[in-house]
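Below is one structure, written out as structure tokens; the observations come after it.
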Amino acid sequence: MSTKTSSFLSDAELAEIGFKTIGNGCLISRYARFYGASEMTIGNNVRIDDYCILSGKITLGSNIHISAYVALYGAMGITIDDYSGISARSTVYSAMDDFGGDYMIGPMSPEGTTNVTGGLVHLGKFVQIGAHCLVFPNLTISEGAVVGAASLVREDLAPWGIYFGTPARFHRERSKQLLNLLQIHNER
């Protein structure tokens with residue numbers, strides 16, 4: 001398919017963006033935007049849909065789907081492990097302004113007048129974030145955890161749980177059957 005009619009960037013167009021590294025089989029929308037691409041590592045078979053914004057230090061493993069209108073703000077780092085995904089209109093922050101009133105807010109404030117804090121956000125293997133979620137900085141969503149739609153994640157989530165709400169709370173264990181499916185697929 002011609003690059004002029006494809007909604008995904010060609011390999012040549014992907015190379016022009018200047019990622020630190022990018023794997024094979026990636027489908028990246030020509031409407032996605034990347035800021036600081038030289039700090040981004042993208043694995044194999046990654047799909048990034050329309051109108052996504054990726055900014056800063058971002059590491060994506062393989063077999064990942066980032067749905068439409070997702071924003072990943074990686075000023076202090078975001079890592080997403082293999083077989084994970086983020087559903088539409090969710091936002092992940094690795095840094096945040098102090099809104100308490102003692103400091104100014106935003107990137108256009110004079111130098112030295114803001115108080116930005118945060119830390120690495122790590123999504124483990126087989127993690128899924130539902131639509132319209134908000135993930136705060138400096139936390140880990142452990143392997144196999146899923147977050148239901150319209151949830152707020154502000155602290156670490158334990159492995160293989162189903163979480164939802166504002167703030168996100170544990171509701172029940174998640175099945176690990178997908179591990180068997182992956183093993184069967186890999187044996188083929």
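The values are calculated or read from the model by the stated rules, or taken from the named source; none is laboratory data. None of the values given here were measured: they were computed from a predicted structure. So basically every Cβ, Gly included, is an ideal-geometry build from the backbone, and we count neighbours across all protein chains shown. Ligands, DNA and RNA are stripped out before the accessible areas are found, and what is left, the full protein with its side chains, is counted by its heavy atoms. Shrake-Rupley method; radii C 1.70, N 1.55, O 1.52, S 1.80 Å.
Evaluation of residue 182 against the conditions (1) open to solvent by less than 80 Å² (accessible area, probe 1.4 Å); (2) modelled with pLDDT of 95 or more; (3) out of contact with any Lys or Arg (no Cβ under 9 Å at 6 or more places or on another chain) shows that the sole unmet condition is (2). Annotation: residue 100 fulfils all but one of (1) part of a loop (DSSP other than H, G, I, E, B); (2) open to solvent by 70 Å² or more (accessible area, probe 1.4 Å); the unmet one is (2).
Return the residues of the range 19-61 that are among the β-branched types (Val, Ile, Thr) and either modelled with pLDDT under 95 or more than 22 Å from residue 120 (Cβ to Cβ) (or both); say none if nothing qualifies. Scanning the range 19-61 gives a single hit, 28. Answer yes or no: is there a residue in the range 15-31 that is open to solvent by less than 60 Å² (accessible area, probe 1.4 Å), among the aromatic types (Phe, Trp, Tyr), under 24 Å from residue 87 (Cα atoms) and not in a strand (DSSP E or B). Within the range 15-31 (the criterion being open to solvent by less than 60 Å² (accessible area, probe 1.4 Å), among the aromatic types (Phe, Trp, Tyr), under 24 Å from residue 87 (Cα atoms) and not in a strand (DSSP E or B)), the answer is yes, since at least one residue qualifies.
Of the residues contained in the range 75-93, none is found to be at pLDDT 95 or above, aromatic (Phe, Trp, Tyr), exposed (fewer than 15 other Cβ atoms within 10 Å of the Cβ) and in a loop (DSSP other than H, G, I, E, B).
Of all residues in the range 32-53, which are assigned to a helix (DSSP H, G or I) and open to solvent by 40 Å² or more (accessible area, probe 1.4 Å)?
Listed by number, the residues that qualify are 38, 39.
If you go through the range 120-132 and keep only what is on the phi < 0 side of the Ramachandran plot and part of a loop (DSSP other than H, G, I, E, B), you end up with 120, 124, 125, 127, 130, 131. Scan the range 54-73 and tell me whether some residue there is more than 20 Å from residue 154 (Cα to Cα), open to solvent by 60 Å² or more (accessible area, probe 1.4 Å), over 16 Å from the mean Cα position of the chain (by Cα) and free of Cβ contacts under 8 Å to residues at least 24 places away in the same chain. Checked the range 54-73: no residue is more than 20 Å from residue 154 (Cα to Cα), open to solvent by 60 Å² or more (accessible area, probe 1.4 Å), over 16 Å from the mean Cα position of the chain (by Cα) and free of Cβ contacts under 8 Å to residues at least 24 places away in the same chain.
Among 147, 116, which is buried (at least 19 other Cβ atoms within 10 Å of the Cβ) and not hydroxyl-bearing (Ser, Thr, Tyr)? It would help to see each step written out before you state the result.
On the way: 116 fails: buried (at least 19 other Cβ atoms within 10 Å of the Cβ).
Going through 147, 116 in turn, just one is buried (at least 19 other Cβ atoms within 10 Å of the Cβ) and not hydroxyl-bearing (Ser, Thr, Tyr): 147.
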